[in-house]
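Each remark here refers to the structure printed beneath this line.
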Amino acid sequence: MPETHGRRRGALRTLLTGAGVDALLVTDLLNIRYLTGFTGSNAALLLHAEGDGKTLFCTDGRYTTQAAAEVPDLETVVDRASAAALVAKAGKTKTYGRVGFESQHVSVETYEALNAQLPLKRTPGLVERLREVKDEAEIEALRQACAAADRALDDLVAAGGLRPGRTELDIARDLENRMLEHGSAAPSFASIIAAGAHSAIPHHQPTHAELKRGDFVKMDFGATVDGYHSDMTRTFVLGEPADWQREVYELVHAAQAAGVAAVVPGAEVSDVDAAARGVIADAGHGEHFAHGLGHGVGLQIHEAPSFAATGVGTLAAGMAVTVEPGVYLAGRGGVRIEDTLVVRAGEPELLTLSTKNLVVV
Ligand code: ZN
Ligand code: ZN
């Protein structure tokens, strides 16, 4: 999709003037992938404000064939020291003017070495700012990743995969294999499968603990398609739920719905957090929900924006975010319900479609 990448580079150029630079040295590999389509492990990009004609891409000799296929539209320099090679070129030719760099991604050592060749200006977060709002190609990849996770969960339940005697690790591997069958390249993060009292630990790592009748089983997992990550949590009950389990479940379900309803263009991220948190606090469980409400998803599993009480910023149409409230009762169990969705004018577009009604298996 060279047109897509060209369009993204064009959008980035509009931010360079505001940042006070004539060119930007991009060294973060995900940002390079976003701007060029290159998926190798060594590259740098020197993006000139005046257009692709003066923009240079650099990778090393292992990737010349791959770069020709993935980045056919930019002049490619082959050099193992990719960032240093582009900075050296910029320093020699003088046509690059003031050059900015991704200061949040560069070590002090690397910065000092590059800056000795050509004085660089700190311009953190420019590409990340663009990446917050997804284009339709990105949303389609997210849609497919979410669908792979939905189908894997469906298959797991249909195959009777959630039953007493299986371990948390069994469930994790089972879900991950089923996501691969449905088009996922890899799990989007280490799956969280937490049964019984473990479900009260928000980021529990799966163990050899066996599922038992009466357990909450909390499953937080995702797929990756074209580099884009899905993220979903569902919590089931094994056997007939106790009253306290129904109560906690319905509370989190209501809080999640309130959070999703608050996801509209122009909303303050802190207000989205408050919409869900308020429901849980009003029920007396405020202290049992000790993490942020959600986060952006895309080429990274956690990216901007972030829904937290102290968060700043507003939502815009095209952002992809999660809404994932939870209530965790130490020693007993916990519930989290999480969707990945896209901010749209009016109602958000839900990408994770598995039911959020209480499922008893
Ligand atoms: Zn998650
Ligand atoms: Zn998440």
Rough spin-label spacing in nm, given labels placed 7 Å along Cα→Cβ, for VAL360 and ASP243: 1.5
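Quick one: dipole size for segment 244-361, taken about the Cα centre, charges +1 on Lys/Arg Cβ and -1 on Asp/Glu Cβ, in debye to the nearest 20.
Using only the charged Cβ atoms, the result is roughly 240 debye.
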Extension gain (nm, one decimal) between GLU75 and VAL108, 0.36 nm per residue minus Cα-Cα: 9.0 nm
Cα pair distances in segment 2-131, grouped into 5 Å bins until the bin that holds the longest one, percent each: 2, 11, 24, 27, 21, 12, 2, 0
Share of carbon and sulfur in the accessible heavy-atom surface of the chain [1.4 Å probe, %]: 53
HN-Hα J in Hz across segment 166-172 - Karplus 6.51, -1.76, 1.60, θ = phi - 60°, x for Gly and Pro: 7, 9, 4, 5, 4, 5, 4
Net charge, PRO206 excluded, C-beta distance under 13 Å - Lys, Arg +1, Asp, Glu -1: -3
Average accessible surface area per residue within the chain, 1.4 Å rolling probe, Å²: 41
Gap separating the Cα centres of segment 22-95 and segment 259-273, nearest whole Å: 38
Ranked by how many other beta carbons lie within 10 Å on average, peptides 260-270, 68-78 from highest: 260-270, 68-78
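About its Cα centre, what dipole magnitude does the chain give when the only charges are +1 on Lys and Arg Cβ and -1 on Asp and Glu Cβ, stated in debye to the nearest 20?
Numbers: 33 positive and 47 negative charges, 164 e Å.
The calculation lands at about 780 debye.
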Over segment 237-290 - Rg/Rh using Cα atoms and the Kirkwood inverse-distance radius: 1.07
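Which value at 222 nm does the chain reach when only helices count, each DSSP H run of 4 or more adding -39,500 (n - 2.57), with the total divided by all residues and rounded to the nearest 500 deg cm²/dmol? If you can, show how the numbers build up before the last one.
Numbers: 10 runs with 128 residues, N = 361.
Calculated mean residue ellipticity at 222 nm is -11000 deg cm²/dmol.
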In sequence order, calculated HN-Hα J values of segment 255-262 (Karplus, 6.51, -1.76, 1.60; Hz; x Gly/Pro): 5, 5, 4, 5, x, 4, 5, 7
Percentage relative contact order, the chain, counting C-alpha pairs under 8 Å, at least six apart: 14
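R0 = 30 Å: FRET efficiency of ALA317 with LEU30, Cβ-based, nearest 0.05? It would help to have the intermediate numbers written out before the result.
Working: r = 23 Å, r/R0 = 0.76.
The formula returns an efficiency of 0.85 here.
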Karplus-derived 3J(HN,Hα), 6.51/-1.76/1.60, for each residue of segment 112-128, Hz, glycine and proline x: 5, 5, 5, 5, 6, 7, 7, x, 10, 9, 5, 9, x, x, 5, 5, 4
Fluctuation leader among ALA23, ALA88, ALA43 - the chain, Gaussian network, Cα springs under 10 angstrom: ALA88
LYS89 accessible area, 1.4 Å probe, all protein chains in place, Å² to nearest 10: 80
Cα gyration tensor of the chain - equivalent ellipsoid semi-axes, whole Å, descending: 43, 22, 17
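The values are calculated or read from the model by the stated rules, or taken from the named source; none is laboratory data. No experiment lies behind these values; they were computed from the predicted model shown. Quick reminder, even Gly has a Cβ in these numbers, built from the backbone with ideal geometry, and neighbours come from all protein chains shown. Side chains are part of the model used for accessible areas, which takes the heavy atoms of the whole protein and leaves out ligands, DNA and RNA. Shrake-Rupley method; radii C 1.70, N 1.55, O 1.52, S 1.80 Å.
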